[in-house]
Amino acid sequence: MFGQIVLRNKQQLQTYVKDSKRQGKKIGFVPTMGALHAGHLSLVKIAKQHADIVVVSIFVNPAQFAAGEDFEKYPRTENSDLEILSNYAVDAVYMPRVAEIYPEGFSTKINVGSIGEVLEGEFRPGFFDGVALVVAKLFMQVLPDYAVFGEKDYQQLQVIKKLVRELDFPIAIIAAPIVREEDGLAMSSRNIYLNQIERSKAPSLYKILSWVKSEIISGANIGVAILAAKAKLLESGFLTVDYLGLYDSACLESVNQYREDARILAVARIGTVRLLDNLSLS
Ligand code: AMP
């Protein structure tokens, strides 16, 4: 039915990986939680440019959801995901069950340290430890040469780079630019939670971040520009601004002077949905 091999457990995956390596093929890996959109597909395309074969994983990782978050209702669209991927150069899709990744009695933890405690980490304690745990496990199972992560989740990308560096994973991490809707809204599986009115307001986030960027580049006071941007977001219908600021693009410490390599990161809530976005100053 579909153009790619579907691997549902670790044994099937490991046989596939072993065969591919025996044939001298370089493996590109794109981890996802499914509910695929054009952002995910751009990662696949980039993986294919580097590797001979591309493995996509679809796994909604319970370790990165806190109690009361949307683990249960996170969109799961397995059939349409497989159909979408069959039109792309994806060689295998790994869709393990939760018990495959976290068998009964599983207790190992990873703590990524302070980079996981700021920004998103402040609002979602333990989130990046859960991300790092599943990514480390998937890396050990898929044994990729390359893995592609989106800049959409910019802090996550930096956490993964640090994880790979500090635990000596022999894997090249490739960053993929943010894919946006025509009106500027960064694509996300959670955008389907937005109702019509919220959806119409959501692109303001990107517009306002672009405005702050131009202010900072043209020499405006950074603190003043950021405060004004927060006010604009609230005026545009956002309920809260969890954070909005200028940060070092690798360690994510706050930056208060113009630097080309700094990054504007923001999360603002509209209805019940937290929208993440970021922009490079360069
Ligand atoms: P998710 O399924 O949301 O966990 O995302 C899987 C991967 O796709 C992560 O590396 C994300 O950063 C990336 N991704 C999600 N949305 C986008 C987007 N709009 N543009 C680029 N990459 C994205």
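The values are calculated or read from the model by the stated rules, or taken from the named source; none is laboratory data. Everything numeric in this text was worked out from a predicted model, so none of it was measured. Neighbour counts are summed over all protein chains in view; Cβ atoms, including those assigned to glycine, are modelled from backbone coordinates with ideal geometry. The protein model used for the area step is the full one, side chains on, heavy atoms only, and it has no ligands, DNA or RNA in it. Shrake-Rupley method; radii C 1.70, N 1.55, O 1.52, S 1.80 Å.
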Practice item. Give the share of C-alpha pairs in each 10 angstrom bin for the range 133-276, from 0 to the last occupied bin, in whole percents, shortest bins first. Key: 11, 35, 32, 18, 4
Study note, to complete from the structure: Reduced to Cα centres, the span from the range 120-141 to the range 29-45 in Å works out to 18 Å
Practice item. Bin all alpha-carbon pair distances of the range 130-210 at 5 Å intervals from 0 and give each bin's fraction as a whole percent. Key: 3, 13, 20, 20, 13, 11, 11, 8, 2, 0
Practice item. Under a cut-off of 22 Å between alpha-carbon atoms, report the lysines in cross-link reach of Lys26, not counting same-chain residues fewer than 8 places apart. Key: Lys10, Lys18, Lys45, Lys48, Lys137, Lys161
Practice item. Of the DSSP beta bridges with both residues in the chain, give the percent that are antiparallel, rounding to the nearest 5. Key: 50 percent
**Study point:** Dipole of the range 108-259 [Lys/Arg +1, Asp/Glu -1 at C-beta], most positive-end residue of Leu246, Ala136, Leu234
**Key:** Leu234
**Study point:** Ranked packing of 247-256, 91-100, 105-114, most packed first, by mean Cβ within 10 Å
**Key:** 91-100, 247-256, 105-114
Point to revise | Interchain or long-range residues, amide H under 5 Å from Lys26's placed H | key: Asp52, Ile53
Practice item. Just need the relative contact order of the range 1-151 here, percent rounded to a whole number, with Cα pairs under 8 Å and 6+ apart. Key: 37 percent
Exercise for review: For Arg180, list long-range residues whose amide hydrogen, built 1.01 Å from N in the peptide plane, is under 5 Å from its own amide hydrogen.
Suggested key: Met187
**Study point:** Anchor Lys207: aspartates and glutamates whose Cα lies under 16 Å away (excluding residues fewer than 8 positions away in-chain)
**Key:** Glu181, Glu182, Asp183, Glu198, Glu215, Glu235, Asp277
**Study point:** Calculated log₁₀ intensity ratio I(q)/I(0) where the Debye formula runs over C-alpha points of the chain, q = 0.09, 0.13, 0.16 Å⁻¹
**Key:** -0.44, -0.92, -1.34
Exercise for review: Give me the percent of the accessible area of the range 1-123 that comes from carbon and sulfur atoms, probe 1.4 Å, all protein chains in place.
Suggested key: 50 percent
Point to revise | Debye, to nearest 20: dipole size of the range 144-200, +1 on Lys, Arg Cβ, -1 on Asp, Glu Cβ | key: 120 debye
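Which of the peptides 77-84, 123-130, 148-155 is most tightly packed, and how do the rest follow, judged by the mean count of other Cβ atoms within 10 Å per residue?
So the peptides 77-84, 123-130, 148-155, ranked by packing, come out 148-155, 123-130, 77-84.
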Review point. Rounded, prolate or oblate: which one fits the range 1-126, using the alpha carbon gyration tensor with axes a ≥ b ≥ c (rounded when a/c is under 1.5, else prolate when a/b beats b/c, else oblate)?
Key: prolate
